[in-house]
Amino acid sequence: MDKVKILIIEDEEAIADLLAYGLNKEGFLTTIAHTGADGLRAIELLQPDMLLLDWMLPDVSGLDICKKVTETRNIPIIMLTAKSDITDKIVGLEFGADDYITKPFDLREVIARIRTILRRMTHPHKPAEEPADEPIRFKNIEITESERLVRKNNEIVDLTPKEFELLMTLYRHRGKNFYPDGAAGLRMGLRICRRYANGRYSYPTAAQKAGGGRRDCDRVRGGVQI
């Protein structure tokens, strides 16, 4: 079986080397790029199976790379960043990331998350003989997280993978407000909230689909919540 190829796009050499060392020991084949430009070239040349992508690179935002890659390729992406605010996590998911790990991190967690994503790609559906997880029930919504299945009034709701991730993030932090001006320096991410507040963007699409309307994903003094 061919080794899984993981491209690490990270400008801090110590972090990149630590990731490469740990992943190589686990049987992965790693390549390091220290700039966004080098990373994009490596994607074209190497055709990696997964990206570990730093949010803040010296020449280009990791979000821009994430958006560009997901528009043309089906490569799972884990964002690496020191940003820990929940708004940042939602922004990363909205731009196409599959997961989000904050620095400093435990290498064992990184490896576990990589394996989880790869397992999900290889076996997207849980075998029938395994017991199903207890569904999450919220208002008129029922979520079976292990099957990535959402029902509203016992009818299945068609959500994209990213919409499902956003719905779960909003559910886990239900009642928390996400404000357009909630954190400095998040111009691209906060634009999502700002466009929703102006009625021009589908930031709360997942909650609207599952909840049945904007009343389940409310504007709160310019922010949004469920």
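The values are calculated or read from the model by the stated rules, or taken from the named source; none is laboratory data. What you see is a predicted model, and the numbers here were worked out from it, not measured in a lab. Note that each Cβ is placed from the backbone with ideal geometry, even for glycine, and that neighbours are counted across all protein chains shown. Quick note on the areas: whole protein, heavy atoms, side chains included, nothing else; ligands and nucleic acids left out. Shrake-Rupley method; radii C 1.70, N 1.55, O 1.52, S 1.80 Å.
Give me a count of the residues in the stretch 63-113 that are acidic (Asp, Glu) and either buried (at least 16 other Cβ atoms within 10 Å of the Cβ) or within 21 Å of residue 21 (Cβ to Cβ) (or both). Give the steps one after another, and end with the answer.
Initially, the stretch 63-113 is screened for residues acidic (Asp, Glu), giving 64, 71, 85, 88, 94, 98-99, 106, 109.
Checking which are either buried (at least 16 other Cβ atoms within 10 Å of the Cβ) or within 21 Å of residue 21 (Cβ to Cβ) (or both) leaves us with 88, 94, 98-99, 106, 109.
Qualifying residue count, the stretch 63-113: 6.
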Residue satisfying all of: in the stretch 1-15; farther than 19 Å from residue 63 by Cβ and hydrophobic (A, V, I, L, M, F, W, C); least open to solvent (accessible area, probe 1.4 Å) among these | 6
If you take just the helices (runs of 4 or more DSSP H) that sit entirely in the stretch 1-103, which of them hold at least 2 residues that are at pLDDT below 95, within 13 Å of the chain's Cα centre (by Cα) and among the acidic types (Asp, Glu)?
-> 86-94
Residue in the stretch 51-66 that is of a type outside the set (S, T, N, Q) and free of Cβ contacts under 8 Å to residues at least 12 places away in the same chain present = no
Looking at (1) open to solvent by 80 Å² or more (accessible area, probe 1.4 Å); (2) at pLDDT below 50, can you tell me which one residue 161 breaks?
-> (2)
